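Written out below as structure tokens is the structure these notes cover.
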Amino acid sequence: MNAKHIDLPAIEGGKPVREDFLPFFRPSIDEADIRSVTDTLQSGWLTVGPKTQLFEERLKQYLGVRNVVAVSSCSAAMFLALKAMGIGPGDEVLTSALTFASTVHAIIHTGATPVLADIETETFGPSPQDLASRSSARTRACIPVHFGGQACRIDEIQDMAESRNLLLLEDAAHGFGAICNGRKIGTIGDATAFSFYATKNLTSAEGGCLATDSDDIARKLKILSYHGMSYGSWDRYSRRGSWYYDIESAGYKFNVSDVLSSLGLSQLQKIDHLLTRRREVAERFSQLLSSSPYFELPRVRSGNTHTWHLFVVLLKSESLAIDRDRFVEALAAENIGCSVHFIPVYKHTFFAPYRKADMQFPLCESYFSRCVSLPIFPGMSDEDVDDVVEAMNRIAVHYTRL
Ligand SMILES: Cc1ncc(COP(=O)(O)O)c(C=O)c1O
């Protein structure tokens, strides 16, 4: 095999950079996590109970917020928060066009109408100007998205929301641990929803929570999350509890279990380490790719502490004769797993009717045609990062326009 052949991308018949597959994400589960879950399994109490209460307490301490209610997912937290805020039919809720479907589902399930805004290109969060220009007399709330683990322009968005008297519910599914100008995400808006899904900065396999300084929102959310019951199951079945309960509203079954909360608790104990390793991986990517003419690297807005849930590079289309979809396929052929975040909301069949004829999303369009989310997780070694970069460079050089 000659040197030229060795350098051929695997998708063109070359030998893959890696023999084994590097997944886009692998959870970091250690012995302490396993012990924590096993203890709960042996404790005699599996569903919502003392471990969930402790998890909520520790989350409150970590975030520095008055109330945390743990629920089954970030999606549930956002939907219930909107319900608790009284959002419903006839209302409009602003959010980003670059988010996961569930942000928009949360709005639609209340009977309100989602109104999408384009992004800005520093944080890939929603543009404060676009949010403002798309608000109307019917707008009641705004759900900015902290994309990829970095705070969006939340200071400007908060001013915009206050000047229009809008409720501010932050989608921080990616943003556990993020900070904006000294303020932790979770302490800024009226309420903030976090995700503890398997790939997130902090995981309980599945789960989420709402953080809020409002006792009223927290109380309503807790009741809605458990059948509309005024007492949760822990209160009723523990020794000090009673058989009596009252139903205050048409509730849901969105509580979390102690089995999952015990995983969340042990992950929370090592959150600093998990976030540090994500940052080191991001720094290595940035250092190795900084002089590349083929890739635009993520930027960190001044005053932000990024948590690097995602590391998204944009392909420079003027330098590369390969499109994003083919680039992702070429990386997979090198045994590198990567992903795309997100397909803009308005491109999905179901959401298309929410795009009014005069609504343009030029920045989202340009982003989506060029974005690739590289693998990033705390268990990645420096050699894994080097393999990703080698594969990217090999593909880029083969398809260069320069
Ligand atoms: C931006 C965003 N919001 C909300 C969610 C929903 O989180 P969950 O799976 O905990 O409901 C996700 C999930 O990935 C997300 O990426």
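The values are calculated or read from the model by the stated rules, or taken from the named source; none is laboratory data. As the structure is a prediction and not an experimental result, all values here were calculated from the model. Here the Cβ positions follow ideal geometry from the backbone for every residue, glycine too, while neighbour counts run over all protein chains shown.
Evaluate the stretch 67-83: report whether one residue or more is away from the ligand (no atom under 16 Å from the Cβ) and outside any helix (DSSP H, G or I).
Yes, the stretch 67-83 contains at least one residue that is away from the ligand (no atom under 16 Å from the Cβ) and outside any helix (DSSP H, G or I).
Please work out if S28 is more than 18 Å from Y237 (Cβ to Cβ), in contact with a Gly (Cβ under 6 Å, 6 or more places away or on another chain) and small (G, A, S).
Considered against the rule, which asks whether it is more than 18 Å from Y237 (Cβ to Cβ), in contact with a Gly (Cβ under 6 Å, 6 or more places away or on another chain) and small (G, A, S), S28 comes out as yes.
If you take the residues of the stretch 216-247 that are at pLDDT below 80 and among the charged types (D, E, K, R), which of them is surrounded by the fewest Cβ atoms within 10 Å (Cβ to Cβ)?
R239
Would you say L94 is in a helix (DSSP H, G or I), of a type in the set (A, V, I, L, M), more than 8 Å from the ligand (Cβ to nearest atom) and modelled with pLDDT of 95 or more?
no
So for the stretch 176-184 (the condition being within 29 Å of M359 (Cβ to Cβ) and not assigned by TED's automatic domain parsing to the domain that holds P23), does at least one residue qualify?
Checking the stretch 176-184: at least one residue is within 29 Å of M359 (Cβ to Cβ) and not assigned by TED's automatic domain parsing to the domain that holds P23.
Answer with yes or no whether F147 is within 10 Å of the ligand (Cβ to nearest atom) and in contact with a helix residue (DSSP H, G or I) (Cβ under 8 Å, 6 or more places away or on another chain).
Taking the combined requirement at face value, the residue does not satisfy it.
Just name the residue that is nearest to L46 (Cα to Cα) out of those in the stretch 248-269 that are touching a residue at least 24 places away in the same chain (Cβ under 8 Å) and surrounded by fewer than 16 Cβ atoms within 10 Å (Cβ to Cβ).
Only one residue fits best here, namely K253.
Considering each residue of the stretch 188-201, count those that are among the hydrophobic types (A, V, I, L, M, F, W, C) and within 11 Å of the ligand (Cβ to nearest atom), and give that number.
Counting residues in the stretch 188-201 that are among the hydrophobic types (A, V, I, L, M, F, W, C) and within 11 Å of the ligand (Cβ to nearest atom) gives 4.
In a loop (DSSP other than H, G, I, E, B), of a type outside the set (S, T, Y) and surrounded by fewer than 20 Cβ atoms within 10 Å (Cβ to Cβ): which single residue out of D272, D358 fits that description?
It is D358.
Which one of the conditions (1) part of a helix (DSSP H, G or I); (2) under 13 Å from L331 (Cα atoms) does S366 fail to meet, given that it meets all the rest?
Of the numbered conditions (1) part of a helix (DSSP H, G or I); (2) under 13 Å from L331 (Cα atoms), the odd one out for S366 is (2).
For the stretch 154-187, give me the residue count where each residue is within 22 Å of D130 (Cβ to Cβ) and within 16 Å of the ligand (Cβ to nearest atom).
Going through the stretch 154-187 one residue at a time, the tally reaches 12.
Residue-wise test of (1) within 15 Å of the ligand (Cβ to nearest atom); (2) among the acidic types (D, E); (3) over 25 Å from F285 (Cβ atoms); (4) under 20 Å from the mean Cα position of the chain (by Cα).
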position	(1), (2), (3), (4)
V340	yes, no, no, yes
P344	yes, no, no, yes
T349	no, no, yes, no
R355	no, no, yes, no
D358	no, yes, yes, no
Y367	yes, no, no, yes
C371	yes, no, no, yes
L374	no, no, no, yes
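Report, by residue number, each residue of the stretch 148-168 that is of a type in the set (K, R) and within 22 Å of the chain's Cα centre (by Cα).
The answer is R153, and nothing else.
Taking the stretch 158-196 as the region of interest, how many residues are over 22 Å from V104 (Cα atoms) and small (G, A, S)?
Adding up the residues that qualify gives 4.
Between a residue in the stretch 320-337 that is polar (S, T, N, Q) and any residue that is modelled with pLDDT of 95 or more, which pairs come within a Cβ distance under 6 Å, given they are 6 or more apart or on different chains?
From the stretch 320-337, the pairs are N335/P16; N335/R18; N335/F21.
So S290 fits all but one of (1) crowded, with 16+ Cβ neighbours inside 10 Å; (2) more than 17 Å from the chain's Cα centre (by Cα); (3) farther than 19 Å from T199 by Cα; what number is the exception?
For S290, the exception is condition (1).
For a quick check of your reading of the model, give me the residue pairs whose first member lies in the stretch 165-193 and is closer than 13 Å to A81 by Cα and modelled with pLDDT of 95 or more, whose second is part of a strand (DSSP E or B) and more than 16 Å from the ligand (Cβ to nearest atom), with beta-carbon atoms closer than 6 Å and at least 6 apart or on different chains.
Final answer for the pair search is D190/L167; A191/T212.
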